[in-house]
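The values are calculated or read from the model by the stated rules, or taken from the named source; none is laboratory data. As the structure is a computational prediction, the values presented were derived from the model and not from experiment. Note that we place each Cβ from the backbone using ideal geometry, even for glycine, and neighbour counts take in every protein chain shown. Side chains are part of the model used for accessible areas, which takes the heavy atoms of the whole protein and leaves out ligands, DNA and RNA. Shrake-Rupley method; radii C 1.70, N 1.55, O 1.52, S 1.80 Å.
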Amino acid sequence: MKRAMVWGLLLCLALAGCAPQSAQRTIFAMDTVMELTVYGKDAEENVKAAAERINELEKLLSVTREDSEVWALDHAGGETVRISPETNALLRAARAVGEATGGALDVTLYPVVRAWGFTTGEYQIPDGGTLEELLKKVDYRAIRVEPDETGPANATLPAGAEVDFGALAKGYAGELCAGMLRGSGVESALLSLGGNIQTVGNKPDGSPWVVAVQDPAGEGGESLGTVELTDQAAVTSGGYQRFFEENGVRYWHILDPETGLPARSGLVSVTVVGESGTLCDGLSTACFVLGKDASLDLWRRCGETGLWPTHETTGMADEGGFDLILVGEDGVVTVTAGLRDRFRLDENTGHTLQIVEE
Amino acid sequence: MKKGLSNKTWLCILGGVMALCAAAAALVFLRMPKGAVAVVTLDGEEVHRVDLSAVTEDYELSFTGKSGITDVVEVAPGKIRVRQADCPDQVCVKQGWIGTGVAPIVCLPNRLVIEIADGAGKVDGVTG
Amino acid sequence: MSTKRLTRCALLTAVALTIFVAEAQIPLPLPVPWMKLGLANIVTVYAMFALGPGDTLMILLARVILGSLFTGGMTLAYSLSGGLCCYLVMLPLQKILTEKQLWVCGAIGAAAHNLGQMGAAVLIARTPQLVLYLPWLLLAGIPAGAFTGLCAQLLLGRMKNTK
């Protein structure tokens with residue numbers, strides 16, 4: 001018995017020695033809870049660096065912190081403001097997504113979002129006049145950036161307009177951290193930024209990361225299906241995430257920049273999978289607004305190449321292809337061809353799967 | 001020698017019972033949902049952990065974070081929710097019960113997170 | 001009660017208790033609580049056949065009560081109901097089994113022990129779902145019981161020879 005115990009102990013030690021090193025950190029930033037898990041050598045240092053990077057970005061990009069660059073831009077009253085390469089990159093990404101989606105993503109929608117109370121939780125339905133007035137200032141194309149290239153720049157926003165990177169910042173933070181971790185030699189990491197998933201490499205055992213897509217219809221945050229990721233991001237936008245009800249009508253936080261009203265396109269959630277977390281984040285919101293047909297058209301046009309074809313123009317990851325998981329009100333889950341072998345619909349969710357090949 | 005069954009007969013009987021048990025165990029193993037363990041963390045610190053499948057009676061716990069906001073967490077057989085919260089947006093309360101799901105309940109203002117550990121099969125993360 | 005009988009009972013109780021406490025010290029990496037070899041059962045089975053039901057009951061009760069005192073915790077109710085169930089099924093078995101069939105007694109006794117424990121657990125914890133563990137417990141308990149029964153069987157044979 002004693003001998004067996006000694007051997008057992010030795011075995012445990014040996015196994016512990018083989019187990020991959022890992023470090024985990026939970027941080028509260030960008031209005032959400034983030035869980036960062038990094039594997040490999042120096043995991044502790046790397047996860048710390050990633051957390052610090054995210055906090056830095058938050059300081060820069062927060063729309064509510066009075067010392068942020070975005071705040072300075074929003075309150076410049078039409079004056080020109082010096083912006084960092086990060087803010088510039090996001091403005092360029094916002095423009096690329098805006099142009100590709102006919103304005104379905106507009107980063108200047110913030111005053112309208114605030115009028116609905118989605119920024120504070122004090123929800124209300126703004127009247128038509130208020131919306132019309134606020135929408136006049138909403139136009140991402142009115143943002144001027146000099147020079148028109150990556151790096152630090154000068155930005156000008158029309159007086160009264162306000163920018164908010166809520167639809168891009170988490171994806172961007174994930175993408176930047178993933179790039180930084182790869183640069184430090186990390187081969188395996190999972191960054192969960194409040195529903196935005198960014199992966200580095202595969203799991204330590206070499207198999208792809210398995211990420212559940214939340215069932216938009218499920219009451220208790222059930223899983224709709226799983227998608228396998230390798231060095232990719234997966235971001236979901238859905239009307240179920242933040243909403244309020246009045247007189248039996250549900251009003252959610254994803255607004256159509258055209259009308260200033262909650263986007264009702266027949267979709268209940270959109271998950272975008274791709275190499276660029278920023279693109280996934282922006283597109284998930286835009287596709288939710290666009291609806292199924294227009295989203296699939298966009299995928300046919302740009303799914304392979306993404307929206308920022310070269311590293312030079314945006315400063316984002318140059319391989320920017322993407323795939324879509326669209327969940328419709330009718331219970332149909334539409335998945336684009338690139339995820340054919342990587343997405344698995346759970347059993348008994350009451351949904352039907354449709355794969356779009358071309 | 002007392003009268004009775006032979007060794008062989010006993011072996012058959014016990015073997016039969018074992019086979020039945022094995023079948024039942026296999027059935028239970030296949031059908032039983034993995035014990036859903038709910039973990040409550042406040043500002044990253046674990047403050048409560050409970051196996052929801054072992055809960056027989058409802059109970060409530062209050063958690064007050066640094067912000068001064070209080071969340072009342074209700075635990076019931078197989079499920080858990082934030083029943084009441086002082087936070088302005090009430091996102092956590094609206095999320096209702098979770099139990100078998102993969103998505104956590106998050107009360108951001110209070111930095112309270114309720115997660116189902118190893119819930120609904122094994123996934124590495126959740127997007128939603 | 002004769003001194004010889006008293007001494008014999010006390011001795012067997014001490015042996016059973018020692019085994020019981022010793023076994024409790026060895027942590028087994030098993031997924032289900034209560035899963036164990038139950039080596040103290042050797043004494044119970046042996047006593048059943050060597051001394052008869054009366055003495056066995058005394059040894060069993062003394063061992064269970066003292067054992068739960070020594071190992072602490074909430075184990076008394078579980079052990080007691082398990083032990084009594086085991087005892088009750090052994091009563092008829094003792095009449096129909098030969099001295100070469102103690103392993104059968106051990107196996108069935110162990111199964112009864114599992115059932116009794118489970119019954120108590122379900123009642124005390126008011127968690128009927130615990131029954132789902134029963135097949136596993138039985139699956140482990142029956143061979144373990146057969147083993148301890150076999151030990152008692154060999155013991156009985158040796159003790160006969162020493163007389």
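Of the residues that make up region C:92-106, is at least one open to solvent by 30 Å² or more (accessible area, probe 1.4 Å), of a type outside the set (A, V, I, L, M, F, W, C) and free of Cβ contacts under 8 Å to residues at least 40 places away in the same chain? Yes, region C:92-106 contains a residue that is open to solvent by 30 Å² or more (accessible area, probe 1.4 Å), of a type outside the set (A, V, I, L, M, F, W, C) and free of Cβ contacts under 8 Å to residues at least 40 places away in the same chain. Which of the residues that make up region A:288-309 are within 13 Å of A:A100 (Cβ to Cβ) and part of a helix (DSSP H, G or I)? The answer is A:V289, A:L290, A:A294, A:S295, A:D297, A:L298, A:W299, A:R300, A:R301, A:C302.
Residues in region A:173-195 that are open to solvent by 10 Å² or more (accessible area, probe 1.4 Å) and closer than 18 Å to A:A89 by Cβ: A:E175, A:L176, A:G179, A:M180, A:R182, A:G183.
Residue by residue, here is whether (1) open to solvent by 60 Å² or more (accessible area, probe 1.4 Å); (2) modelled with pLDDT under 90; (3) not assigned by TED's automatic domain parsing to the domain that holds B:T100 holds:
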| position | (1), (2), (3) |
| --- | --- |
| B:E46 | yes, yes, no |
| B:T64 | yes, no, no |
| B:G68 | no, yes, no |
| B:V75 | no, no, no |
| B:I80 | no, no, no |
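Is it the case that B:D89 is under 16 Å from A:G121 (Cβ atoms), surrounded by 18 or more Cβ atoms within 10 Å (Cβ to Cβ) and facing another protein chain (nearest Cβ under 8 Å)? Spelling it out, B:D89 is indeed under 16 Å from A:G121 (Cβ atoms), surrounded by 18 or more Cβ atoms within 10 Å (Cβ to Cβ) and facing another protein chain (nearest Cβ under 8 Å).
Residues in region C:98-119 that are modelled with pLDDT of 90 or more and of a type in the set (A, V, I, L, M) were compared, and the one that is nearest to C:L156 (Cα to Cα) is C:L102.
Do the conditions hold for B:K94, that is, is it within 12 Å of chain A (Cβ to nearest Cβ) and surrounded by fewer than 17 Cβ atoms within 10 Å (Cβ to Cβ)? Here the answer is yes, as B:K94 does meet what is asked. Could you please let me know if C:G116 is within 21 Å of C:C151 (Cβ to Cβ), surrounded by 22 or more Cβ atoms within 10 Å (Cβ to Cβ) and away from every other protein chain (no Cβ under 11 Å)? No: the conditions fail for C:G116. Candidates in region A:85-132 are the residues that are over 30 Å from B:P88 (Cα atoms) and among the basic types (K, R); of these, the one that is least open to solvent (accessible area, probe 1.4 Å) is A:R92. None of B:R111, B:R83 is more than 9 Å from every other protein chain (Cβ to nearest Cβ), out of contact with any His (no Cβ under 8 Å at 6 or more places or on another chain) and basic (K, R) except B:R83.
Residues satisfying the criterion are absent from region C:81-102 (criterion: within 12 Å of another protein chain (Cβ to nearest Cβ) and of a type in the set (F, W, Y)). If you go through region A:216-233 and pick out every residue that is more than 17 Å from the chain's Cα centre (by Cα), more than 7 Å from every other protein chain (Cβ to nearest Cβ) and open to solvent by less than 10 Å² (accessible area, probe 1.4 Å), you end up with 2.
Counted as qualifying within region B:1-96 are the strands (runs of 3 or more DSSP E) with 1 or more residues that are more than 30 Å from C:L137 (Cβ to Cβ), in contact with a strand residue (DSSP E or B) (Cβ under 9 Å, 6 or more places away or on another chain) and free of Cβ contacts under 8 Å to residues at least 40 places away in the same chain, namely B:45-51, B:59-64, B:70-76, B:79-85.
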